[in-house]
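What follows is a set of notes on a single structure, which appears directly below.
The values are calculated or read from the model by the stated rules, or taken from the named source; none is laboratory data. Predicted model, so just to flag it, every value in this text is computed and none were measured. A quick note on method: Cβ atoms are made from the backbone with ideal geometry, for glycine too, and the neighbour counts reach across all protein chains shown. Ligands, DNA and RNA are excluded from the accessible area calculation, which covers all protein heavy atoms including side chains. Shrake-Rupley method; radii C 1.70, N 1.55, O 1.52, S 1.80 Å.
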Amino acid sequence: MLVVQGVLSGVLDEAESSALLYLHCDFASQLESSGMVEWAIYVLLHLPANEENKSCRERAIKSLLSRHAEDWADTERENFLLNELLIPRKWLQEAKAELAGYSRQWEEMLECLLASDIWSRAHELLMVNVAPSAFVEGKHADLQRFIGLLKPHADELQNWVIGGRLLDDYYSIMESFSGAAELVAADLVTPTQV
């Protein structure tokens, strides 16, 4: 209850709007406490709409999704959130990313961050947690795919030049050496050796 109220407090100045805000928050909190997370989200979706309140409503819903991601992720409840309540898929992916991060499943977290278009965090996670182990384990195709997904957003990424671009350049060089080695090997093989 305090989390939802804390996110939304101080947004509306009018007494009537504040009373309506607290009514929504209290009801959503009671539903959440009863395990009815989808219906708590439904109540939060009906908060009074204005410009100031819009971002607070979004934060409250995302917070609720993150706190209960293990309950709804990859279940029929997720379909309900997507298809009935029309919660944006990116919000759900962001909550799944948080869940994967708690269990230290870095590649899954990276996939979810990429799906939710959180490019900066995805790049940081790639460079700090995913790339070192993936490189050692020989998962070069996965690394190249992740870099390919981040590359169009390089302008938005801090440290791209010393992170993703460095890996991208490495793989470009390795591909050119591989191509050159194949040409040399082809020239060395004569028809009688085949």
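Within the full protein context, the accessible area of Ser103 is estimated at about 60 Å² for a probe radius of 1.4 Å. Surface exposure of segment 21-132, expressed per residue as accessible area with a 1.4 Å probe, stands at 51 Å².
Label separation (Asp74 vs Leu166): 3.3 nm, computed from points 7 Å beyond Cα along the C-beta direction. For segment 128-167, a simple Cβ point-charge model (Lys and Arg +1, Asp and Glu -1, everything else neutral) yields a dipole of about 80 debye relative to the Cα centre.
Extension gain for the segment Ser133 to Ser66, taken as residue separation times 0.36 nm less the Cα-Cα distance, is 21.4 nm to one decimal. Under the criterion of Cα pairs below 8 Å and six or more residues apart, the relative contact order for segment 55-176 equals 17 percent.
Among the protein heavy atoms of segment 119-167, carbon and sulfur supply 55% of the accessible surface, probe 1.4 Å, non-protein parts ignored. Rolling a 1.4 Å probe over the protein heavy atoms leaves Arg145 with an accessible area of roughly 100 Å². Stretching Trp39 away from Asn83 to a fully extended chain increases their span by 14.4 nm, per 0.36 nm per residue minus the current alpha-carbon distance. Rolling a 1.4 Å probe across all protein chains gives His68 an accessible area of roughly 30 Å². All other residues whose Cβ lies under 13 angstrom from that of Leu82 are scored, Lys and Arg at +1 and Asp and Glu at -1, for a net of -1. Across segment 78-112, the residues whose backbone nitrogen lies under 13 Å from the label position 7 Å along the beta-carbon direction of Asp142 are 105-112.
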